[in-house]
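The values are calculated or read from the model by the stated rules, or taken from the named source; none is laboratory data. What you are looking at is a predicted structure, and each value in this text was computed from that prediction instead of being measured. All Cβ positions, glycine included, derive from the backbone under ideal geometry; neighbour counts span all protein chains shown.
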Amino acid sequence: MRAYVQLSGVLFALVALGHLVRVLARWPLLIAGYPLPALVSLVVLLVTAAMSVWARRLLTAPPATGERASNPPPAA
């Protein structure tokens, strides 16, 4: 599970970085021939950056109390 969260966080950060570069460089983006406003990229930037931060926080957070042990006792 840890590797999945790490990979997800990195991918979300890369997508956020791509949208940040698109907004700062003022690159046009066309979808099916229609221009996509920069505001859409800003929203996607905020969402993907938040998801990347969330993944990072999950990796660095201490285990919650009551969390299942890695080796639970055998059932009797």
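Some observations on this one:
- Selection within segment 7-35 - of a type in the set (D, E, K, R) and exposed (fewer than 10 other Cβ atoms within 10 Å of the Cβ): ARG26
- In segment 51-65, the residue that is modelled with the highest pLDDT out of those that are β-branched (Val, Ile, Thr) and exposed (fewer than 11 other Cβ atoms within 10 Å of the Cβ) is THR60.
- If you check SER52, SER41, SER8 for being among the polar types (S, T, N, Q), in contact with a helix residue (DSSP H, G or I) (Cβ under 6 Å, 6 or more places away or on another chain) and farther than 27 Å from PRO63 by Cβ, only one passes: SER41.
- Within segment 49-65, residues that are more than 11 Å from ALA13 (Cα to Cα) sit with their Cβ atoms under 8 Å from residues that are among the basic types (Lys, Arg) and assigned to a helix (DSSP H, G or I), at 6+ positions apart or across chains, in these pairs: LEU59/ARG2.
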